Amino acid sequence: MDSSFVTFLLPSNVQNAALVTIFLAFAGYLLTFLSTRMMARHADRLKLVNERLNEFYGPLYVASQAGNIAYRSLLTRLGKTQSYPILDSELKDWELWMTTIFMPLNDIREKIIIEKAHLIIEEEMPHCLLDFVTHVVGYKAVLARWAEGDYSERRSTIGWPPEFDSYVERSYKQLKARQSALLHSSTWRVLHHLFFQRS
């Protein structure tokens, strides 16, 4: 073969190899960039879900469940299906349970709602949460009167929001399902294995 022909072909092959190398390096960089970006977005979504569960809906759900169990237990003790009306014979039990169980749980929930409102799922504050805080404020006034020996009022003048418990439970379960989906998604597992198991 003519040596000038070989010399002519060689730079072309080297150039092609160089172009392929550059292309593969760029494709690898692009894949890494996109994968890292996907991982970061996924991690951000998971972090927000975890924060909402750990700092807002989880504690709210536990306190609400505990409150419901305690309330049903008191009604059973009093032989009633609802607290209203609170009879004179029931007042001592009602005051004890309200001051030692119900109001402490209410205070916990009120504090969560006020201090962690930025973790609420909705763009606007749900009315049932606002109604709950108002209900608790009403009971604080009632307990202040009890402390002075005035039992003319036995319940908050602002009623319990009936949709509060269902909202808390529904939101908690939705977030738990979302958390599970994010943790167990196949894309997350593959990317996590590729980029974190190696380090």
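Tabulated data for the structure shown
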read-out	value
Scope region 59-79; condition farther than 22 Å from VAL142 by Cα and over 33 Å from the mean Cα position of the chain (by Cα); matching residues	ARG77, GLY79
Test result for ILE108, at pLDDT 95 or above, part of a loop (DSSP other than H, G, I, E, B) and not charged (D, E, K, R)	no
Failed condition for GLU124, given (1) touching a helix residue (DSSP H, G or I) at 6+ places or on another chain (Cβ under 9 Å); (2) over 19 Å from GLU90 (Cβ atoms)	(1)
Search result, residues across region 130-176 that are part of a helix (DSSP H, G or I) and hydroxyl-bearing (Ser, Thr, Tyr)	THR134, TYR139, SER166, TYR167, SER171, TYR172
Cβ-Cβ under 7 Å pairs, at least 6 apart or on other chains, region 42-65 side part of a helix (DSSP H, G or I), far side β-branched (Val, Ile, Thr) and buried (at least 19 other Cβ atoms within 10 Å of the Cβ)	PHE56/ILE112; TYR57/VAL168; PRO59/ILE112; LEU60/ILE112; LEU60/VAL168; TYR61/VAL168; SER64/VAL168
Of residues in region 111-129 being in a helix (DSSP H, G or I) and touching a residue at least 40 places away in the same chain (Cβ under 8 Å), the one farthest from LEU60 (Cα to Cα)	LEU119
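The values are calculated or read from the model by the stated rules, or taken from the named source; none is laboratory data. These figures come from a predicted structure and were not determined experimentally. All Cβ positions, even for glycine, are placed from backbone atoms using ideal geometry, and neighbour counts span all protein chains on display.
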